[in-house]
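J.: Here it is, the structure in full.
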Amino acid sequence: MTTNTPLLVGTLSAEPGSKTRGTLPVDLGTLTVDVPLTLVNGTNPGPRVLITAGVHGGEFSGIDAATRLAALLEPGEVHGQVVICPVANPPAVYEGRLGVSPVDGVNINRVFPGNPEGGPTERLAAWLFANLVDGADAYVDLHSGGIDEVLKNFVGYRLTGDPELDAKTADMAGAVGIEDVIFGLNADGGNSHAAAARQGVPAILVETGQLGERDADTARRLVDGLYGVLGRLGVLETKPQDAPAVRAWLWAAGVVSEATGLWYPEFGVGDDVTEGRLLGRVIDPVDGTEHKVHAPAAGRIFYGMRGLTVAPGAELAAIAAPAPRDPGR
């Protein structure tokens with residue numbers, strides 16, 4: 001719970017009852033990037049909530065929604081503090097438009113909490129963690145289906161084994177207004193929300209939109225979902241929205257390409273598949289050699305590759321299965 005004190009991030013500050021917008025330079029070793037921020041310091045005490053978007057390039061719904069939210073929030077209605085970073089990874093957003101940074105080919109959402117002495121993307125992750133995640137009472141990271149990816153909207157989070165933390169996180173996930181909530185059984189790995197959970201911060205991943213589309217209705221619905229989360233956290237005095245009943249899922253399998261070639265999927269996002277079902281083929285464009293791809297587990301496909309060209313290791317699909325229980329309750 002924060003009191004009525006100045007909100008400070010680097011050289012940016014917002015006094016109680018004020019909103020500040022600006023950018024902060026981040027030294028990545030080989031270059032410097034400017035990270036945009038909006039700081040909303042409420043008139044009344046409350047929690048500090050961090051919202052990020054633009055961790056990956058080509059994921060526009062979250063960036064749009066975060067920017068809209070930054071314009072809408074007024075300090076007089078905020079209890080606590082809200083930090084909004086609409087473009088967390090400028091090189092990937094403005095130059096690459098892909099999941100990896102054009103600076104070093106690294107997916108930042110695999111290296112959190114980062115390394116201040118590492119490569120450029122690791123340094124950016126470390127800066128984001130040290131300056132934004134540290135000190136947050138709750139964290140929402142906004143993602144979308146990329147320019148070559150179909151996606152069924154969902155909210156994700158990780159179980160930590162801490163009942164109180166897991167319950168808070170599950171409550172946040174249920175407040176977004178998206179019926180499908182997918183959780184992981186542990187907080188391992190370099191994803192932003194997993195790394196935050198390891199530090200005791202309730203953190204959720206929100207995935208909305210697909211194929212790099214910019215859709216105003218999708219962005220507006222996501223803003224409504226963020227208002228729902230902020231209301232649930234006590235940051236806003238908003239009435240709970242009519243959220244659908246949550247369907248809990250557990251990640252079952254990821255499907256990656258084992259060959260280089262042309263990808264011809266034979267599934268639709270949201271399809272239920274059985275273990276062993278044919279998901280598609282990777283065709284060698286030189287000699288027509290065919291590599292069949294089968295589902296390694298039964299479940300529902302929540303996102304999948306729609307790009308034509310793939311290389312070994314490319315994510316082709318992700319499958320989740322119904323959860324045996326409602327976690328964190």
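J.: If I model segment 202-329 as equal point scatterers sitting on the Cα atoms and use the Debye formula, what is log10 I(q)/I(0) at q = 0.09, 0.14, 0.18 Å⁻¹?
T.: Here log10 of I(q) over I(0) equals -0.38, -0.78, -1.05.
J.: Something else now. I'd like the accessible area for VAL100: 1.4 Å probe, protein heavy atoms, all chains in place, Å² to the nearest 10.
T.: Ignoring ligands and nucleic acids, VAL100 comes out at about 60 Å².
J.: Here is a follow-up. Over segment 40-181, one equal point on each Cα, no solvent: what is log10 I(q)/I(0) by the Debye formula at q = 0.22 Å⁻¹?
T.: Scattering profile of segment 40-181, log10 relative to I(0): -1.47.
J.: How far apart, in nanometres, would the label points at THR238 and ASP162 be if each is projected 7 angstrom from Cα along the Cα-to-Cβ direction?
T.: Output for this residue pair reads 2.6 nm.
J.: Please work out the FRET efficiency for the pair THR274 and ALA245, using the Cβ-Cβ distance as r and a Förster radius of 35 Å; give the result to the nearest 0.05.
T.: 0.85
J.: Counting Lys +1, Arg +1, Asp -1, Glu -1, what net charge surrounds ALA195 among other residues with beta carbon under 13 Å of its beta carbon?
T.: Result for the local shell: -1.
J.: Restricting to segment 1-149, what percent of DSSP beta bridges are antiparallel, rounded to 5?
T.: In segment 1-149, DSSP labels about 65 percent of beta bridges as antiparallel.
J.: Let me ask something else about it. How would you classify segment 114-190 from its alpha-carbon gyration tensor, with a ≥ b ≥ c the square roots of the eigenvalues: rounded for a/c under 1.5, else prolate if a/b is greater than b/c, otherwise oblate?
T.: The shape class here is oblate.
J.: Have a look at the DSSP beta bridges in the chain and tell me what percent are antiparallel, nearest 5.
T.: Of the beta bridges lying entirely in the chain, close to 70 percent run antiparallel.
J.: Summing -39500 (n - 2.57) over the DSSP H runs of n ≥ 4 in the chain and dividing by its residue number, what mean residue ellipticity at 222 nm do you reach, to the nearest 500 deg cm²/dmol?
T.: My calculation for the chain gives -5500 deg cm²/dmol from helical runs alone.
J.: With a sphere of radius 15 Å drawn around the Cβ of GLY42, what net charge do the other residues whose Cβ falls strictly inside it have (Lys, Arg +1; Asp, Glu -1)?
T.: For residues surrounding GLY42, the net value is -3.
J.: Moving to a separate point now. I'd like the distance between the alpha-carbon centres of segment 273-329 and segment 188-260, rounded to an integer number of Å.
T.: For segment 273-329 versus segment 188-260, the Cα centre distance is 21 Å.
J.: Calculate, for ASN4 and ALA311, the FRET efficiency according to 1/(1 + (r/R0)^6) with r their C-beta to C-beta distance and R0 56 Å; round to the nearest 0.05.
T.: So, using R0 = 56 Å, E works out to roughly 0.60.
J.: Can you compute log10 of I(q)/I(0) for the chain with the Debye formula, treating each Cα as one identical point scatterer, at q = 0.07, 0.09, 0.11 Å⁻¹?
T.: -0.28, -0.46, -0.69
J.: Now for a separate question. Over the alpha-carbon set of segment 126-166, divide Rg by the Kirkwood Rh and report the Rg/Rh ratio to two decimals.
T.: Ratio value, two decimals: 1.06.
J.: Another question about this same structure. What FRET efficiency, computed as 1/(1 + (r/R0)^6) with R0 = 30 Å and r the Cβ-Cβ distance, is obtained for ALA297 and GLU179, rounded to the nearest 0.05?
T.: 0.85
J.: Moving to a separate point now. Calculate the spin-label point distance for ARG214 paired with ALA130, positioning each point 7 Å from the Cα along the beta-carbon direction, and give it in nanometres.
T.: Rounded to a tenth, the inter-label distance reads 3.4 nm.
J.: Based on the mean of other beta carbon atoms within 10 Å per residue, what is the order of 265-274, 32-41, most packed first?
T.: 32-41, 265-274
J.: Kindly work out what percent of the DSSP beta bridges joining two residues of segment 19-96 are antiparallel, to the nearest 5.
T.: Counting only bridges with both partners in segment 19-96, antiparallel ones make up about 70 percent.
J.: How long is the gain from SER18 to THR32 if the chain were fully straight, where each residue apart is worth 0.36 nm and the alpha carbon distance is subtracted?
T.: 2.2 nm
J.: How do 110-118, 47-55 rank on mean C-beta neighbours within 10 Å, highest first?
T.: Output ranking for 110-118, 47-55: 47-55, 110-118.
J.: Moving on to the next point. Using only the Cα atoms of segment 172-255, construct the convex hull and provide its projected area averaged over every direction, in square nanometres to one decimal.
T.: Spelled out: convex hull of the Cα atoms, projected over all directions, averaged, 6.9 nm².
The values are calculated or read from the model by the stated rules, or taken from the named source; none is laboratory data. Because the structure is a prediction, the values reported are computed rather than measured. Every residue, glycine as well, gets a Cβ built from its backbone with ideal geometry; the counts of neighbours run over all protein chains shown. With ligands, DNA and RNA removed, areas are computed over all heavy atoms of the protein, side chains included. Shrake-Rupley method; radii C 1.70, N 1.55, O 1.52, S 1.80 Å.
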